[in-house]
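This report refers to the structure that appears directly beneath it.
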Amino acid sequence: MTSQAERLKRLNQMLVERRDICCSEGSVDSFPVILQRNFQMDYLGVIVCEQGEFQFTLNQKLFVAKAGETIFLSEATTFCAGSCTADLRIDILFYRIDPIRELLGSSVVAMHLYATLTPQPCYVWSTGEEEDIARYISLISRYRYATNNSFDNHERKLLLLALTYRLCSIYSRQLMEENQVAGHKIDTFIQLIRLIERYYKQERGVAFYADKLCLSPKYLSALSKSVCGYTVQELVFRAIIRRSMLLLKNSNKTIQEISNEFHFPNASAFGTFFKKETGLSPLHYRCAEENSLSDM
């Protein structure tokens with residue numbers, strides 16, 4: 001069995017190399033060296049405190065986490081682990097959304113929701129789901145090594161996707177309990193995302209979604225902007241682009257067929273839209289993806 005010292009050393013190396021997924025592979029009794037000094041987060045972080053307690057700073061603000069609590073860390077922050085008790089046992093997972101972005105499809109914003117829906121960079125909560133979160137971390141850690149097995153790679157992505165859904169659910173519930181006003185905004189935003197997932201192929205205007213939610217277009221746009229930084233139309237456009245990229249990369253559909261799927265008047269109009277949003281024409285994007293695969 002791998003010792004804690006070996007797992008901490010391996011986690012430290014993962015973080016040094018800035019791998020997409022960095023985890024403790026089970027509980028450990030301290031933090032890796034790299035996290036004991038200022039560490040610039042370009043990850044979403046989850047730390048489950050199973051036993052003991054520890055201090056840490058995020059953006060130079062002091063926090064304390066105790067047994068039975070989970071720490072949720074946002075991107076673009078500076079983390080530093082501090083003092084801890086002798087009986088500490090924690091599970092650590094830092095990961096990026098990018099490896100599962102192709103699976104998120106139109107719900108990419110919803111999946112990123114828990115990291116961006118409030119200005120707080122960190123939450124320390126007793127969720128009641130610490131055991132389940134730790135189990136996810138353990139399962140994900142089984143795929144820490146690179147493998148050519150496409151089934152293993154896909155299973156790891158699905159585990160990350162499932163964990164992200166679970167974290168979104170926890171955030172939504174906790175924030176609704178703490179703040180009814182914020183909870184109502186989050187609930188409305190989630191309803192908006194679900195509507196966009198259902199109708200984005202044919203409906204692009206804010207008025208349609210506002211009508212479905214019995215809200216004014218101005219209020220819905222302001223709410224969406226305040227929660228995630230995007231307007232309703234930008235969310236719809238991002239959903240179209242994500243799905244378009246997936247089809248161009250992984251299907252044999254013609255550009256005209258893809259254009260028809262999103263109800264553009266013609267392939268030229270779709271091409272103009274795609275290039276404006278991505279900087280590449282659909283054909284150039286498909287060729288670039290094919291070339292990158294052939295180089296692997």
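Only the coordinates and a few stated rules stand behind these numbers; no lab work does. Everything numeric in this text was worked out from a predicted model, so none of it was measured. Here the Cβ is made from the backbone with ideal geometry for all residues, glycine too, and neighbour counts use every protein chain on show.
General remarks:
- FRET efficiency estimate (nearest 0.05) - Cβ-Cβ, Ser30 to Thr57, R0 25 angstrom: 0.90
- Links that overshoot a 25 Å alpha carbon limit, given the list Lys157/Lys249; Lys212/Lys276; Lys185/Lys212; Lys185/Lys276: Lys212/Lys276; Lys185/Lys276
- Distant-in-sequence amide contacts of Met41, defined by a placed amide H-H separation under 5 Å and a gap of 5 or more residues or a different chain, comprise Ala76, Thr77, Thr78, Phe79.
- Hits among aspartates and glutamates - C-alpha to C-alpha of Lys9 under 14 Å, sequence gap 8 or more where chains match: Glu17, Glu25, Asp29
- Rounded if a/c under 1.5, otherwise prolate or oblate - the stretch 192-296, Cα gyration tensor axes: prolate
- Our coupling estimate for the stretch 259-265, obtained by passing each phi through the Karplus curve with A = 6.51, B = -1.76, C = 1.60 and θ = phi - 60°, is 4, 5, 4, 9, 6, 6, x Hz, Gly and Pro reported as x.
- Euclidean distance of C-alpha centroids, the stretch 221-270 and the stretch 8-74, integer Å: 36 Å
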